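Presented below is the structure to which this report refers.
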Amino acid sequence: QVQVVESGGGLVQAGGSLRLSCAASGRTFSSYAMGWFRQAPGKERDFVAAIVWSGGSTYYADSVKGRFTISRDNAKNTVYLQMNSLKPEDTAVYYCAAQVRSGLYNDMRSYDYWGLGTQVTVSS
C-alpha cells in the first residue's frame with residue numbers, strides 16, 4: 001500500500017508562483033512514476049505533469065509547458081510541482097498520484113494510488 005499526501009496549495013494572484021509537494025510512503029518509491037493531475041469545478045480531472053522513476057524524463061500538458069516544472073527527490077520520497085506565471089484558469093484541486101505499473105503517463109487510469117488533493121486558487 002502506498003499513501004500519497006499533497007501540500008502547498010493556496011491562494012495566489014495571477015502571475016505568481018506556488019510549489020506543491022507530494023510525499024509518498026513506501027520503500028520502493030524510487031521505482032514509481034509520479035504524476036500531477038488537476039480538477040476544476042464541474043470539469044474532468046486532467047493531466048498536468050509526470051516524472052519517471054529516475055527523474056530523467058518529464059512530461060507536461062500543453063497548457064502548463066514552460067510554466068510548470070515537476071521534479072522529485074527519491075531520498076525524501078517527495079515529488080514537487082513548481083508553478084510559475086499562474087493564471088486564473090490554473091485554479092483547481094491538484095492531485096498527486098503514484099504509478100506502480102507501467103502505463104500512459106497522461107492517463108489517470110494508469111495510476112494506482114492517489115492523494116486527497118490540495119486546492120490552488122489563482123485570483124485575477
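Here are a few things to note about the model shown:
- ³J(HN,Hα) computed for each position of the range 37-50 - Karplus, 6.51 cos²θ - 1.76 cosθ + 1.60, integer Hz, glycine/proline x: 10, 9, 9, 8, x, x, 10, 6, 6, 10, 5, 10, 7, 8
- Local net charge near residue 84, Cβ-Cβ under 13 Å (Lys/Arg +1, Asp/Glu -1): +3
- Nearby aspartates and glutamates by direct alpha-carbon distance to residue 65 (threshold 16 angstrom, same-chain neighbours under 8 apart not counted): 46, 89, 90
- For the range 70-85, 3J(HN,Hα) per residue [Karplus equation, 6.51 cos²θ - 1.76 cosθ + 1.60, θ = phi - 60°, Hz, x = Gly/Pro]: 9, 8, 8, 10, 5, 5, 9, 6, 9, 10, 10, 10, 7, 10, 10, 6
- Globularity index of the chain, i.e. its alpha-carbon radius of gyration over 2.2 N^0.38 Å: 0.97
- When each of the peptides 5-16, 89-100 is scored by how many other beta carbons lie within 10 Å of its residues on average, the order from highest to lowest is 89-100, 5-16.
- Positive-pole candidate from 106, 5, 61, dipole of the chain, charges at beta carbon: 5
Throughout, read-outs are computed from the coordinates displayed, never taken from laboratory work. As the structure is a computational prediction, the values presented were derived from the model and not from experiment. Heads up, the Cβs are rebuilt from the backbone with ideal geometry, glycines too, and the neighbour counts pull from every protein chain shown.
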